[in-house]
Amino acid sequence: LTTAADIQRVLGLPADIFKPSEGNYEEDIITEEDIPHLLADPDIDINDIFDEVDYEFFEEPEYRDIYLVKLRGYYNLLRGRKLLSENKWFLFIHNRFTNGWCMVEVAFDEYTLINTEGKLISNDTYEWVGRVNEGCAVVEKDLGYNLLKTDGTYVLNQWVDFLGRMRNGWSTIKHNKKKNYINITGELMFGDDINLEINKGFFDGYAVVKM
């Protein structure tokens with residue numbers, strides 16, 4: 001069986017089963033490059049451009065004007081008639097912005113953060129990213145943990161065993177079996193001569209510690 005006609009004849013299929021569809025199929029496929037041009041045309045319905053449009057993806061009132069869109073298994077965010085990220089689509093987008101930043105999956109198990117203007121927080125990707133709080137987020141790579149500031153720089157010049165979310169200006173830190181607190185400038189609360197047995201995160205200016 002080498003031709004469509006052979007397959008049709010042997011299987012007893014209708015004669016027009018392999019009839020080409022009208023038009024050029026390839027030309028009907030919407031590509032990522034087409035989308036900005038299609039969105040620029042107010043006569044084209046948004047729902048005709050994407051496979052799916054979720055108008056209620058974000059629950060927070062201040063982000064309800066941002067929609068989740070899907071095209072051939074990849075996701076992006078749409079505000080008005082403009083994609084937040086025109087050059088990059090994602091495998092997954094978290095349905096919550098925290099202080100203007102949202103987690104996205106760039107590739108399989110590779111995450112970063114995007115803001116409401118479509119800017120990625122860093123060119124690096126991470127195995128896990130926390131929520132932005134007080135100007136930074138905890139990020140994890142195979143090297144350990146670090147605090148990533150919203151300007152794309154790191155608080156620490158090394159990766160450590162554990163970091164907690166920044167609260168009241170301090171994050172819990174653990175490295176080489178030593179526990180302490182660190183602020184966004186990289187300053188430790190206690191010197192190396194003090195080793196905390198317990199260092200809970202701050203809340204309303206207080207934290208539980210045990211020396």
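Straightening the chain between residue 43 and residue 119 buys 24.5 nm, computed as 0.36 nm per residue apart minus the Cα-Cα spacing. List the pairs from 141/177; 119/174; 149/177; 88/119 whose alpha-carbon separation is above 22 Å, in the order I gave them. Among 141/177; 119/174; 149/177; 88/119, the Cα-Cα distance tops 22 Å for 119/174; 149/177. When a/c reaches 1.5 or more, the comparison of a/b and b/c decides; with that in mind, is segment 61-117 rounded, prolate or oblate per its Cα gyration tensor? Taking the square roots of the gyration eigenvalues as a ≥ b ≥ c, segment 61-117 is oblate. Less than 5 angstrom separates the built amide H of residue 85 from those of 77, all sequence-distant by 5 or more or on a different chain. Taking label points 7 Å from Cα along the Cα-to-Cβ direction, residue 87 and residue 31 give a separation of 1.8 nm. Charged neighbours of residue 86, selected by a Cβ distance under 13 Å, balance to +1 (K, R count +1; D, E count -1). Of the chymotrypsin sites (Phe, Trp or Tyr not before Pro) found in segment 43-130, the ones in coil according to DSSP and having at most 10 other Cβ atoms within 10 Å of their Cβ are 108.
From the alpha carbon centroid of segment 110-131 to that of segment 55-107 is 12 Å. Taking other residues whose beta carbon is less than 15 angstrom from the beta carbon of residue 124, and scoring Lys, Arg as +1 and Asp, Glu as -1, yields -3. Per-residue 3J(HN,Hα) values for segment 177-187, derived from phi via the Karplus relation 6.51 cos²θ - 1.76 cosθ + 1.60 with θ = phi - 60°, read 6, 10, 10, 6, 10, 9, 9, 5, 8, x, 8 Hz in sequence order (x marks Gly and Pro). On the basis of the beta-carbon distance and an R0 of 45 Å, residue 151 and residue 108 show a calculated FRET efficiency of 0.95.
Read the figures in this text as sums done on the coordinates, not as results from a lab. This one's a predicted model, so the numbers in the text were calculated from it and none came from an experiment. No Cβ is skipped: glycine too gets one built from the backbone with ideal geometry, and neighbour counts run over all protein chains shown.
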